[in-house]
Amino acid sequence: VKFSNCNGKRKVQYESSEPADFKVDEDGMVYAVRSFPLSSEHAKFLIYAQDKETQEKWQVAVKLSLKPALTEESVKEPPEVEEIVFPRQFSKHSGHLQRQKRDWVIPPINLPENSRGPFPQELVRIRSDRDKNLSLRYSVTGPGADQPPTGIFIINPISGQLSVTKPLDREQIARFHLRAHAVDINGNQVENPIDIVINVIDMNDNRPEFLHQVWNGTVPEGSKPGTYVMTVTAIDADDPNALNGMLRYRILSQAPSTPSPNMFTINNETGDIITVAAGLDREKVQQYTLIIQATDMEGNPTYGLSNTATAIITVTDVNDNPPEFTAMTFYGEVPENRVDVIVANLTVTDKDQPHTPAWNAVYRISGGDPTGRFAIQTDPNSNDGLVTVVKPIDFETNRMFVLTVAAENQVPLAKGIQHPPQSTATVSVTVIDVNENPYFAPNPKIIRQEEGLHAGTMLTTFTAQDPDRYMQQNIRYTKLSDPANWLKIDPVNGQITTIAVLDRESPNVKNNIYNATFLASDNGIPPMSGTGTLQIYLLDINDNAPQVLPQEAETCETPDPNSINITALDYDIDPNAGPFAFDLPLSPVTIKRNWTITRLNGDFAQLNLKIKFLEAGIYEVPIIITDSGNPPKSNISILRVKVCQCDSNGDCTDVDRIVGAGLGTGAIIAILLCIIILLILVLMFVVWMKCRDKERQAKQLLIDPEDDVRDNILKYDEEGGGEEDQDYDLSQLQQPDTVEPDAIKPVGIRRMDERPIHAEPQYPVRSAAPHPGDIGDFINEGLKAADNDPTAPPYDSLLVFDYEGSGSTAGSLSSLNSSSSGGEQDYDYLNDWGPRFKKLADMYGGGDD
């Protein structure tokens, strides 16, 4: 259906009087919505049109009739198809241009998508006016023909029939732009190409699709109607400028449906969800679930396609519920003088979301604690209030506290909500009396006394007070610290009395003040005690005589060129110290005759020789020094003066110094002790060296280690005559001239093999350089001497004849066992040596066996 005259800018909306059977697109195309049988009678319905801006309306009647049944003739006759003729061109005729029919614009071809065919489906016929005279060939080019996607559109090269080969999808390609060509059989172009535009008409073949299947949004509880919550969005692949792509939103359901089934509404075009009813309460409903539907065809429930999504709206908490105490009065108790002690536990309830600023409680003491002795902290887990003592409480001052406590949240309450009376409570705190420490007042206590007080003088009374007025307790006093042991205190009344003379000059007195500490203890349970300090400011009296300073000096034998400057040392202080008066005594008379003293000022004086020459030596000069006390105190102080020979500069040239001449008894004793200890160490060292040399001489053998016959005999494995023969006297192996005389040995400690005290026989001694052939003679002589020796042991043990002499060039007896000579030497002569060589004769003189 079309308008015969219509401004194309108008936006017209069509409607059918039979929407269940027929529908009209925006371009006026009428199509059946469903399949239904149509009777042979004429069907008639109305089409309505309305201008969207001016609301002007029109209508037209549509009559629908059945097509006549197809006959063979009708089948033979092809359906009538629209022709598109190539436009004529300008040409020269008779020498001038002849204007032919001008080009025209080919209207686009509209082709519905998703057509069911049959395919190929003819669209238009392309024809040229020259096909009457020439044999032409037609072709089309462009996307959809010879370019991807290829093969959608084809053309009969002879007849020029343009057809579509398959259903089109507007969502893939909404428009095809083809070019039609006409050439002769030689391929020469006979017509200019013409443009053919094919528009794919949209059909409602796509449902709306939400961007998310589940949408999440929040809204504060107590929000007013019209509060924006969230926006849901769906898209439709169909043409958005046609009804097929125009979506409308609506809410299908709401769960839960309290307090109203319509708590929210949605803008049907934009998808904005807003509240439409009051009463959002998180404490009752924390979350709403909405089912949202999007429908195309502008939401037409009959023709439009729909889809759904879920919108979850969470109601966020606001501080619309104040904290409320679970009781109007809370009770607690605390011992006195205790801090950081939890007195009471305050519990509240709050319906807001836990562990949020709207739920977290803040406690405030609004009354009953003017001095700030309590504080309330919030337990972050339980939200309870912990009443804590932050300053000590005295039971004797306050026995009970009644606190007024208010509970609030970290954020203010929502507008229009007030704190109920349950947000305020009372806390009753009872103070428990405990035994407290006695205390001295004042502490420290300062008194002023002159030094020199005698023992037994009462100085003062230093008592302590017991803060426990409601306890009947006794206090006793003891002395805790008395460095000089000058004082004592009465254990009952606290009177302090001296037990020694007070001395300001004592090293225990600092800056004229003497400190003593006393302890006061009660008899409570448990017993408690406190300390107090007594400070005695000692006033000075003139009890110390001045002394000369320095006590030792030196000067020259003549008055010039130097003198001695002296001063006075007084342990007292002003006015009992300087200025001092210096003088020399009348006795002995040599003092004033040899010396003179001159006062330089109140503290210094000068001592000079009065005579022209004084022999060098040590002189003790007594000096009378008087202080300025009242009464003054004098003292004769000895100044030790060394008079010495001086050089031109006035310096002493003597070696001995006054310090060395005047060594004290202690120094002398120390020096003597050091000398004695040094002498003892030297003596011990000498004795040790002598003992060491004696041991070395006693162990030293008279033969070289290489010629030691003991080693040689051990190498022969000769065990001797028996077990008793093993304890032989090793001294027999030593040189006879170095052996210690037997007469010096005590009787009764000799061994069996030790030679008796008899005259020693004369054993032969070899010369320093013997002839090699005299070894036999030497052994024979030694054998005879040994047989006739009454001091020789009766056993086969080591004898003196084994000794070869000092510095002997003879080799060791071990050569008898050498492999080089053992097989060639005859040992039969050993039988002639006597019984002592019988063993060797049996071993070596027995022939081959």
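The values are calculated or read from the model by the stated rules, or taken from the named source; none is laboratory data. The model shown is predicted, which means the values in this text are computed figures rather than measured ones. Cβ: placed from backbone, ideal geometry, glycine included. Neighbour counts: every protein chain shown. Surface areas here come from the heavy atoms of the whole protein model, side chains and all, with no ligands, DNA or RNA. Shrake-Rupley method; radii C 1.70, N 1.55, O 1.52, S 1.80 Å.
Going by the alpha-carbon gyration tensor, a ≥ b ≥ c the square roots of its eigenvalues, is segment 546-680 rounded (a/c under 1.5) or, if a/c is not under 1.5, prolate (a/b greater than b/c) versus oblate? Display every interim value, and only then the final one.
Values: a/c = 2.41, a/b = 1.35, b/c = 1.79.
Note, shape of segment 546-680 comes out oblate.
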Geometric extent, Cα atoms of segment 12-63 - Rg, Dmax (angstrom):
12.1, 40
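Can you quote the Å³ per residue value for the convex hull of the Cα atoms in segment 109-201, rounded to an integer?
Values: hull volume 7.6 nm³, N = 93.
It comes to 82 Å³ per residue, whole-number rounded.
Please give the contour-minus-distance gain from residue 465 to residue 391: 0.36 nm per residue of separation, less the Cα-Cα distance, rounded to one decimal in nm. Walk me through the numbers on the way to the answer.
Numbers: separation 74, 0.36 × 74 = 26.64 nm, distance 2.22 nm.
This chain segment gains 24.4 nm when fully extended.
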Using the structure shown, select from 224/284; 479/510; 11/166; 11/57; 23/57; 132/166 the pairs with a Cα to Cα distance greater than 23 angstrom.
11/166; 132/166
At q = 0.15, 0.23, 0.24 1/Å the base-10 log of I(q)/I(0) from the Debye formula over the alpha-carbon atoms of segment 439-539 is -0.58, -1.17, -1.26
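Ignoring any ligand, DNA or RNA, what whole percent of the accessible area of segment 12-63 comes from carbon and sulfur when the probe is 1.4 angstrom? Kindly include the intermediate steps, with their values, before the conclusion.
Numbers: 1690 of 3460 Å².
C and S fraction of accessible area: 49 percent.
Could you compute the FRET efficiency for residue 270 and residue 43, with r as their C-beta to C-beta distance and R0 at 41 Å, rounded to 0.05?
Numbers: r = 40 Å, r/R0 = 0.99.
Rounded to the nearest 0.05, the efficiency is 0.50.
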Rolling a 1.4 Å sphere over the protein heavy atoms, what is the accessible area per residue of segment 209-316, to the nearest Å²?
47 Å²
Return the distance in nm (one decimal) between the two label points of a simple spin-label model at residue 552 and residue 683, each offset 7 Å from Cα along Cα→Cβ.
3.3 nm
Give or take rounding to whole Å, what are the principal axis extents of the alpha carbon atoms in segment 324-432, in descending order?
47, 25, 21
Take residue 381 and residue 838, extend 7 Å from each Cα along the Cα→Cβ direction, and tell me the distance between the two endpoints in nm.
11.0 nm
Calculate one ³J(HN,Hα) per residue across segment 306-314 by plugging θ = phi - 60° into the Karplus curve 6.51 cos²θ - 1.76 cosθ + 1.60, and present them in order as whole Hz with x for glycine and proline.
10, 8, 10, 8, 10, 10, 9, 10, 9
Subtract the Cα-Cα distance of residue 54 and residue 197 from 0.36 nm times their separation in residues, and report this length gain in nm to one decimal.
48.2 nm
According to the Kirkwood expression over distinct Cα-Cα pairs, how big is the hydrodynamic radius of segment 418-480, in Å?
17.2 Å
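Report the full-extension gain for the segment residue 443 to residue 472: residue separation times 0.36 nm, less the Cα-Cα distance, to one decimal in nm.
Details: separation 29, 0.36 × 29 = 10.44 nm, distance 2.37 nm.
8.1 nm is the gain from fully extending residue 443 to residue 472.
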Whole-Hz couplings from phi, Karplus 6.51/-1.76/1.60, listed for segment 569-578; x for Gly and Pro
10, 10, 6, 6, 10, 4, x, 9, 10, x
Derived scalar couplings ³J(HN,Hα) [segment 461-474; Karplus, 6.51 cos²θ - 1.76 cosθ + 1.60; whole Hz; x for Gly, Pro]:
10, 10, 10, 10, 10, 9, x, 7, 6, 9, 10, 8, 9, 10
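Using a probe radius of 1.4 Å on heavy atoms only, what accessible surface per residue do you get for segment 324-432? Whole Å² is fine.
Result: 53 Å² of accessible area for each residue.
Counting only heavy atoms of the protein chains, get the accessible area per residue of segment 547-644 (1.4 Å probe) and round it to a whole Å² value.
Details: 5130 Å² over 98 residues.
Roughly 52 Å² per residue, with all protein chains present.
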